[in-house]
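One structure, as structure tokens, below. Some questions next.
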Amino acid sequence: MEIFLFRIFLSSLFAVCHSSVYFIDETPGFGRRFDGIGGLSGGSATSKLLIAYPQKQRDEILDILFKPNFAASLQILKVEIGGDSQASDATEASHMHNSSEESYDRGYEWWLMKEAKKRNPNIKLYGLPWAFPGWLGNGTQNPYQNIDQLAEYVRKWVQGAKEFNGLTIDYIGIWNEKLYNIPYIKRLRQVLDENLLTETMIVAADLNGDQNLASHIIADPELNNAIFGIGLHYPATNTTVEQLRTGKPIWASEDYSTFNNNTGGACWARILNQNYVNGFITGTIAWNLIDSYYTGLPWDRDSLMTAREPWSGYYQVESPIWVTAHTTQFVYLGWVYLRHGSGVGFLENGGSYVTMTTDESINNDFALIIETMTQEHSACIRPPLPYYPVAPQNVTFVLKGKFRDTFGSLNVWYTKLGFNGEQSTFFKQLKPVTVTNDKFSLSLELNEIWTITNAGDGNHGITPTPPPSKPFPLPYRENFEEYVDDSEAYYFAQQCGVYEIVTVEKPYNKVMRQTILQAPIVWCESAALTNKTLNLIGATNWTDIYIETDARVNHDNGTSGVFLAGRVNNAGCTSYAAWGIFFFIQPAHQTFSVSSDLQMTNVLVTSRKSTSISNEWNKISLLISKTYSIGMVNGEQLFNITIRSSVPAQGFVALGTQDFESADFDNVNITNIQDGVDRLKQLQDQRLYFHGSN
């Protein structure tokens with residue numbers, strides 16, 4: 001603290017001779033309206049594991065993200081409208097698997113939005129599809145085949161949010177990073193209005209680049225009236241003249257996407273300021289909100305914070321949380337930026353500053369946010385960041401207009417992002433800076449963030465110490481009896497297909513069912529390369545493992561088979577190319593096979609018949625040791641093979657189906673190799689032929 005105070009004292013003492021001077025003044029007019037800072041849940045099921053946390057830690061995490069005047073205090077929550085297909089890390093379920101059914105309980109985004117609203121009733125909600133269920137394409141990969149049908153599908157999601165979950169959706173998007181369709185945008189606006197959903201505004205088109213949308217808005221009055229704002233992805237703080245000419249709010253509707261160490265925090269700090277300084281961008285949303293997906297899935301820790309151990313309760317509050325607080329704890333939705341040169345701009349020796357205030361002449365509340373991030377330490381994962389210099393500097397700010405003759409001192413909040421052994425300081429309140437003759441001065445070093453304000457109370461708060469980190473617990477057993485229908489099992493991460501809890505005949509009662517029966521309209525183009533479904537669980541470093549489940553193929557839907565797998569080494573958009581040990585059974589034909597890849601191109605055991613395979617429920621067992629693997633069905637050993645070099649050394653456990661068809665799973669048991677050997681002996685001794693008893 002003494003070092004900080006000494007620096008402020010020195011900067012005040014020598015300000016006249018050594019400071020660059022900047023003005024904070026509303027008299028030239030105001031800039032654009034501030035639309036908020038937010039996080040994105042989804043676009044790959046990024047919040048999957050959060051709901052599984054113990055309630056104490058889950059509430060702590062949700063407070064850190066959404067509680068006003070505490071930690072991140074996020075102002076926008078954007079969620080994926082599930083589309084039954086992979087979107088980078090996993091699949092999120094659609095509210096309409098087919099045209100004749102609807103459910104507004106599926107998945108966890110409804111739950112997350114309600115938790116966010118519970119903490120901050122003023123938070124804005126934004127929904128966007130990544131993929132769509134296959135029936136919308138009418139046999140194609142194009143959801144715009146029938147724009148009336150598509151508009152109704154999205155309208156029902158917005159209406160379902162309100163009627164079944166008590167949520168008002170403030171913003172709706174078109175199709176994530178895919179080409180927009182102008183007639184559809186217009187029709188969506190009409191359908192929303194016809195159903196009294198006028199409060200839901202359209203943001204278009206969530207693209208990497210403009211793709212001529214701005215010119216279409218300028219040329220087409222009906223399109224102009226349909227669209228609230230322009231959403232850009234990873235704009236590198238830049239916008240175009242045409243985008244600005246539309247007069248629309250311009251958002252970085254997906255940005256950041258960077259590993260959440262101090263470099264990630266510096267990336268976030270730089271773009272939060274420079275999105276406006278450089279591009280007049282008034283809203284910025286981070287992908288992703290929280291890393292609540294398994295270690296080993298794509299985009300590791302590209303998030304504002306990390307919480308991926310629900311079994312232990314462990315989580316990490318990362319630097320981007322405190323970077324966010326520098327703005328969100330002091331600036332409110334509806335405030336306005338001051339104009340460039342009068343509170344907004346670049347610093348003479350590198351870095352930037354923005355000032356926001358109310359547009360009321362009698363209200364002199366304001367917040368000045370300064371960042372001095374270096375190019376070396378603030379590069380986001382995309383796009384490339386050209387070199388620019390930053391140097392330590394003294395700065396003086398002069399208060400003019402409605403801010404004159406008002407302040408004797410201003411509150412100071414400070415963050416230092418440490419690199420190369422430097423110590424970090426996160427969102428620390430310093431002694432107020434003295435205002436003399438409507439001036440105050442600061443001494444700025446590299447990779448710092450300062451908030452100077454008379455607004456808000458500011459609150460670092462005490463974030464509780466979470467329990468210690470632990471590996472995924474074994475043995476793991478799940479019978480799905482504690483879940484409600486349409487929900488997802490907490491620890492399973494579906495990569496292809498949708499697995500939901502359903503109630504069936506006793507004695508099974510609750511089972512996990514693969515529910516989609518048609519290939520979806522994909523976001524990852526590679527997701528269209530397979531019709532197999534894949535549901536992961538566990539840890540990417542599992543080697544020796546035993547897996548067991550009861551499985552039933554629902555033949556009325558024509559399913560060809562189910563499988564158990566271990567050492568699965570690929571997920572996300574490339575899950576179709578997963579390798580491991582895959583034990584397939586085809587009950588209708590009483591056959592089985594083993595492959596070292598999901599697509600069954602590298603066969604370890606060719607298709608063989610076994611009368612132990614039932615046409616109803618089967619107990620399937622798979623043991624994988626360092627050098628061998630054993631598979632059993634209903635207590636009969638079907639294979640014992642030496643593991644080939646084509647099999648990965650480690651990976652996840654998985655189960656799945658050979659097609660987009662219906663199959664049920666129950667009584668999942670995953671344990672270590674020794675217990676697995678004992679279990680195989682037990683099953684073999686019993687010669688259990690499974691006919692419906694638990």
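Read-outs throughout are calculated quantities, based only on the coordinates presented, and are distinct from any laboratory measurement. Here the structure is a predicted model, which is why all the values come from computation and not from measurement. With ideal geometry, Cβ positions are generated from the backbone for all residues, glycine too; neighbour counts draw on all protein chains shown.
Using a Förster distance of 35 angstrom, determine the FRET efficiency expected from the C-beta separation of Thr543 and Asn69, and round it to 0.05. Walk me through the numbers before you get to the answer.
Working: r = 47 Å, r/R0 = 1.35.
That gives a FRET efficiency of 0.15.
Between the stretch 452-477 and the stretch 518-596, how many Å separate their Cα centres?
35 Å
Classify the stretch 35-338: rounded, prolate or oblate, from the alpha-carbon gyration tensor (a ≥ b ≥ c, eigenvalue square roots; a/c under 1.5 rounded; otherwise prolate if a/b is larger than b/c)?
oblate
Also: Using all alpha carbons of the chain, what is the percent of pairwise distances in each 10 Å bin, ordered from the shortest bin to the longest?
3, 15, 23, 22, 17, 11, 6, 2, 1, 0
Still on this structure: Given a Förster distance of 25 angstrom, what is the FRET efficiency for Gln145 paired with Ser526, based on the Cβ-Cβ distance and rounded to 0.05?
Calculated value: 0.65.
State, in angstrom, two size descriptors of the stretch 37-121 derived from its alpha carbons: Rg to one decimal place and Dmax to the nearest whole number.
Final numbers for Rg and Dmax: 13.6, 44 Å.
Could I ask something else about it? For every helix of n ≥ 4 consecutive DSSP H residues, a contribution of -39,500 (n - 2.57) applies; sum these over the chain, divide by its total residues, and give [θ] at 222 nm rounded to the nearest 500 deg cm²/dmol.
Computed mean residue ellipticity for the chain: -5500 deg cm²/dmol.
Same structure again: Near Lys428, which aspartates and glutamates are there with a Cα under 14 Å away, not counting those fewer than 8 places off in the same chain?
Glu2, Glu448, Asp457
For a quick check of your reading of the filter: which chymotrypsin sites (Phe, Trp or Tyr not before Pro) in the stretch 30-85 sit in a DSSP loop and have no more than 13 other Cβ atoms within 10 Å?
Passing sites in the stretch 30-85 do not exist.
Mind checking which aspartates and glutamates have their C-alpha under 13 Å from Lys681, skipping anything on the same chain fewer than 8 residues away?
Partners within reach: Glu636.
Sticking to Cα atoms, compute the Rg of the stretch 73-129 to one decimal and its Dmax as the biggest Cα-Cα distance, whole number, in Å.
12.6, 40
Ok, one more. Starting from 0.36 nm per residue, how many nanometres of slack lie between Glu194 and Gln55 once their C-alpha separation is accounted for?
Going from the current span to full extension adds 46.0 nm.
Report the label-to-label distance for Thr606 and Phe346 in nanometres (one decimal), using points 7 Å from each Cα along the Cα→Cβ vector.
6.9 nm
Sort out for me the Cα centre separation of the stretch 202-232 from the stretch 279-314, rounded to whole Å.
The stretch 202-232 and the stretch 279-314 have Cα centres spaced 28 Å from each other.
Hey, how much of the P(r) for the stretch 312-393 falls beyond 14 Å, as a percent of Cα pairs?
72 percent
Based on the inverse mean of 1/r over its pairs of different Cα atoms, what is the Kirkwood hydrodynamic radius of the stretch 476-686, in Å? Walk me through the numbers on the way to the answer.
Values: mean 1/r = 0.0593 Å⁻¹.
Every distinct Cα pair counted, the radius reaches 16.9 Å.
Which three extents, in whole angstrom, do the alpha-carbon atoms of the stretch 489-586 cover along their principal axes, largest first?
Principal-axis extents of the stretch 489-586 (Cα, largest first): 37, 36, 27 Å.
Checking the table Lys118/Lys156; Lys117/Lys416; Lys510/Lys619; Lys56/Lys156; Lys118/Lys402; Lys67/Lys439 against a 25 Å threshold on Cα-Cα, which pairs fail?
From Lys118/Lys156; Lys117/Lys416; Lys510/Lys619; Lys56/Lys156; Lys118/Lys402; Lys67/Lys439, over 25 Å: Lys117/Lys416; Lys56/Lys156; Lys118/Lys402; Lys67/Lys439.
Mind checking the full-extension length gain between Tyr387 and Thr295? Use 0.36 nm per residue of separation minus the Cα-Cα distance, one decimal, nm.
29.9 nm
Want the number for Ile462 to Asn212: 0.36 nm per residue separation, take away the alpha-carbon distance, what's left?
My answer for the length gained is 85.3 nm.
Sorting check: for 329-335, 82-88, which peptide has the highest mean count of neighbouring beta carbons within 10 Å, and how do the rest follow?
On the way: 329-335: 21.0, 82-88: 26.7.
Highest-to-lowest ranking by the protection proxy: 82-88, 329-335.
Let's test this: bin the Cα-Cα distances of the stretch 367-483 at 10 Å from zero up to the farthest pair and state each bin's percent.
Answer for the stretch 367-483: a P(r) of 10, 29, 25, 17, 10, 6, 3, 0 percent.
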